[in-house]
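Report on one structure; see the data block that follows.
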Amino acid sequence: GAGVSQSPSNKVTEKGKDVELRCDPISGHTALYWYRQSLGQGLEFLIYFQGNSAPDKSGLPSDRFSAERTGGSVSTLTIQRTQQEDSAVYLCASSKDAYNEQFFGPGTRLTVL
Amino acid sequence: GQQLNQSPQSMFIQEGEDVSMNCTSSSIFNTWLWYKQEPGEGPVLLIALYKAGELTSNGRLTAQFGITRKDSFLNISASIPSDVGIYFCAGHVIQGAQKLVFGQGTRLTINP
């Protein structure tokens with residue numbers, strides 16, 4: 001079946017603009033995660049959604065970052081007033097539930113000029 | 001916050017050689033996972049470890065969950081060109097959220 005998909009694959013934006021990144025999880029997966037990967041680094045947790053529970057936002061680096069998950073499926077990560085330090089690959093993952101393997105999408109490479 | 005220290009950062013080896021990499025932490029982890037990432041792709045799970053002392057193999061890959069719950073290693077035997085990539089350790093902390101904490105990665109390059 002289809003894996004986790006993310007769009008766009010690449011996004012170039014100007015400093016100060018807002019961006020939206022989309023994640024389509026594997027169908028039926030109740031848990032969805034967003035991570036950020038800076039150049040040459042490991043992945044940094046941003047936010048986690050599980051079913052209808054309140055999301056764990058503990059990894060969001062500032063209030064310019066927010067995420068939604070509509071209908072328990074698709075998720076959008078929004079970065080307002082982008083800064084150059086926001087440049088990174090943003091990865092989405094989903095799992096059957098909170099205790100199962102996380103499957104990753106290919107990521108969105110964000111470049112802020 | 002929790003951090004995983006992964007070493008080495010990079011390895012340059014000849015095809016056929018064995019490879020070893022490890023991760024350590026100052027925190028106790030509930031699970032240890034090893035992922036491989038290739039260019040333009042997300043990480044793919046290679047091995048998952050759930051019990052202290054557990055030793056698990058997946059083909060030419062072997063990984064162990066340290067008895068103290070604060071470390072893990074991954075070995076790759078008889079390396080082949082398709083083993084090239086970045087290997088990450090990751091884990092769930094005890095009493096933590098379901099988020100994964102990742103190491104910095106080991107970049108493996110193989111000379112044919």
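Quick note: the coordinates plus some simple rules give every number you see, no bench work behind them. Note that this is a predicted model, so its numbers are computed, not measured. So basically every Cβ, Gly included, is an ideal-geometry build from the backbone, and we count neighbours across all protein chains shown.
If you plug each phi of region A:6-14 into the Karplus form 6.51 cos²θ - 1.76 cosθ + 1.60 with θ = phi - 60°, what whole-Hz ³J(HN,Hα) values come out, in order, with x for Gly and Pro?
9, 8, x, 6, 9, 9, 10, 9, 8
Report the calculated FRET efficiency for B:D18 and B:V44 (r = Cβ-Cβ distance, R0 = 35 Å), to the nearest 0.05.
The calculated FRET efficiency here is 0.95.
Classify the protein assembly as shown: rounded, prolate or oblate, from the alpha-carbon gyration tensor (a ≥ b ≥ c, eigenvalue square roots; a/c under 1.5 rounded; otherwise prolate if a/b is larger than b/c)?
Values: a/c = 1.84, a/b = 1.44, b/c = 1.28.
Prolate, since a/c reaches 1.5 and a/b exceeds b/c.
Sorted by mean Cβ packing within 10 Å, highest first, what order do the peptides A:4-14, B:27-37, B:56-66 take?
Highest to lowest by the protection proxy: B:27-37, B:56-66, A:4-14.
Calculate the length of the line joining the C-alpha centroid of region B:1-75 to that of region A:14-67, in whole Å.
24
Please work out whether region A:61-103 counts as rounded, prolate or oblate from its C-alpha gyration tensor, where a ≥ b ≥ c are the square roots of the eigenvalues and a/c under 1.5 means rounded, while otherwise a/b larger than b/c means prolate and anything else oblate? List each step's numbers first, then the result.
Details: a/c = 2.95, a/b = 1.81, b/c = 1.63.
Prolate, since a/c reaches 1.5 and a/b exceeds b/c.
Could you run the Karplus curve 6.51 cos²θ - 1.76 cosθ + 1.60 with θ = phi - 60° over region B:56-61 and give me ³J(HN,Hα) per residue in whole Hz, x for Gly and Pro?
Once θ is set to phi - 60°, the couplings for region B:56-61 become 10, 10, 9, x, 7, 9 Hz.
Under 25 Å Cα-Cα from A:K15, which lysines qualify once same-chain neighbours fewer than 8 residues away are excluded?
Excluding near neighbours in sequence, the set is A:K57.
Put a dot 7 Å past each Cα toward the Cβ at A:S73 and A:D18; how far apart are the dots in nm?
2.4
Counting alpha carbon pairs within less than 8 Å and at least 6 residues apart, what relative contact order, in whole percent, applies to chain B?
Taking the mean separation of contacting Cα pairs over the length of chain B, I get 37 percent.
Mean separation of Cα pairs under 8 Å and 6+ residues apart, divided by the residue count of chain A: what relative contact order is that in percent? Provide the component values of the computation, followed by the final result.
Values: 275 pairs, mean separation 43.1, N = 113.
So the answer I get is 38 percent.
Determine the shape class of region B:1-110: with a ≥ b ≥ c the square roots of the Cα gyration tensor eigenvalues, call it rounded for a/c under 1.5, and otherwise prolate if a/b is greater than b/c, oblate otherwise.
prolate
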